[in-house]
1. Under a no-solvent Debye model with one identical scatterer per Cα of region 273-333, what's log10 I(q)/I(0) at q = 0.19, 0.21, 0.24 Å⁻¹?
2. Among E128, E77, E186, which one shows the highest mean-square fluctuation when the chain is modelled as a Gaussian network with alpha-carbon springs under 10 Å?
3. Round to the nearest 10 and give me the degree value, 0 to 90, for the angle of helix 107-121's Cα axis relative to the longest principal axis of the chain.
4. Which value, in Å to one decimal place, does the Kirkwood hydrodynamic radius take for region 167-226 when every pair of different Cα atoms is included?
5. Within 10 Å of each residue's Cβ, count the other Cβ atoms and sort D62, D122, D281 from fewest upward.
6. Debye sum, Cα scatterers, the chain, no solvent: what log₁₀ I/I(0) at q = 0.09, 0.10, 0.14, 0.15 1/Å?
7. Where in region 46-66 is the amide nitrogen less than 14 Å from a point lying 7 Å along the Cα-to-Cβ axis of I114?
8. Quick one: grab the alpha carbon gyration tensor of region 61-135, order the square roots of its eigenvalues as a ≥ b ≥ c, and give me rounded if a/c is under 1.5, else prolate or oblate depending on whether a/b is larger than b/c.
Amino acid sequence: MSAAPRVVVLAGGVGGSKFTVGVREALRRRWPDGQGGSAAELTVIVNTGDDIWMSGLRLQPDVDSQIYALAGVNDTERGWGRAGESERVSAEMKALGAGWPWFTLGDLDLGAHIARTGWLRDGVPLSEVVARLAARWPLGARLLPMTEAEVDTQVLTDDGRMHFQEWWTRHRASIPARGFVSPGIEDAVPAPGVLEALAAADAILFAPSNPVVSIHPILAVPGIADAVRAARGGVAGVSPIIAGSPVRGMADACLDAVGIRTAADAVGRHYGSRRDGGLLDAWLIAEEDAVLAPGLVASGVPASVHPLWMRDLDTGAALASAALDAALATDGR
Ligand code: GDP
Ligand code: CA
């Protein structure tokens, strides 16, 4: 068995966390530490473009989704938030006319938001705040926000701008989006540890997260895309699009807005091959999309075909393992 690798995953929230749980499991199986964990190191660089202020509280949907999924306390039926959640506080806020009726917050969730906001108000840096929230459970992974700066994603519509959360959750992405902006991101810097983790990685994996509003904001933090291009380790991405469908959610509305077809080949070409100045050494597409592989390879995008559905721990771990193999095969180029 080869030495336990250092693995970095770039990810958004719910979709991305299914993948990070799979990566953790694949690492445990392939490089066990004898105590139920793995000798491999897993670092997740999480999108913070979804973050938002609500009623004076700082919310970090993707960070919390990653923590809850890795801790195994997420609500898998509803698809977001904590399992066994109650909504007493939200109900009282609604009675008061506070907050947003379209954004329900669970009581347990609010505990995390209050803790986070309190620490931020005390001057604790965001990466330390995320570390404290993550320390609530043994996650078997290190979580890093992409940046400590506030760079909330805004949606451009014909009637002006709105926060991504409002467009996505309130309007269910039904208002035509003309583009996405991240005010302030040009002056943001990667959070402590991000560039170091990318430089030290044996494998860098792009989760099958939304390319436009989950992966792009991470890569848009100055220095991160360059660190991926310059990385010593191999870089493998997993397509979030299967047979022209965004699997779940409304990623097609985001792709439309930036002129990328909702197709595995279009997203692969968008990321591009590292050999041609892009980001990937390997692009995993679904069996349903096998017909696209030759065209991708011919145009320089190193595509390979795998089962891409993450239905349970085994299928998630198998996909993660295939992505790891693809990245490790190009390690040390
Ligand atoms: P969010 O931040 O909660 O919206 O989640 P992400 O951006 O991390 O991931 C959302 C994306 O995950 C969706 O747009 C889907 O394309 C993708 N996704 C969800 N489940 C699966 C799956 O089983 N397989 C693959 N390949 N992609 C998936
Ligand atoms: Ca998200």
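Any read-out appearing in this document is the output of simple, stated calculations on the displayed coordinates, not a laboratory observation. It should be emphasised that the depicted structure is a prediction, and the values quoted were computed from it without experimental measurement. Glycine also receives a Cβ, built like all others from the backbone with ideal geometry; neighbour counts cover every protein chain displayed.
1. -0.73, -0.85, -1.02
2. E77
3. Tilt of helix 107-121: around 90 degrees.
4. Numbers: mean 1/r = 0.0737 Å⁻¹.
When all Cα pairs of region 167-226 are included, the Kirkwood radius is 13.6 Å.
5. Values: D62 28, D122 8, D281 23.
Fewest-to-most ranking of D62, D122, D281: D122, D281, D62.
6. Log10 I(q)/I(0), no solvent term: -0.44, -0.55, -1.12, -1.30.
7. 56-58
8. Numbers: a/c = 2.49, a/b = 1.19, b/c = 2.09.
Oblate, since a/c reaches 1.5 and b/c is not below a/b.
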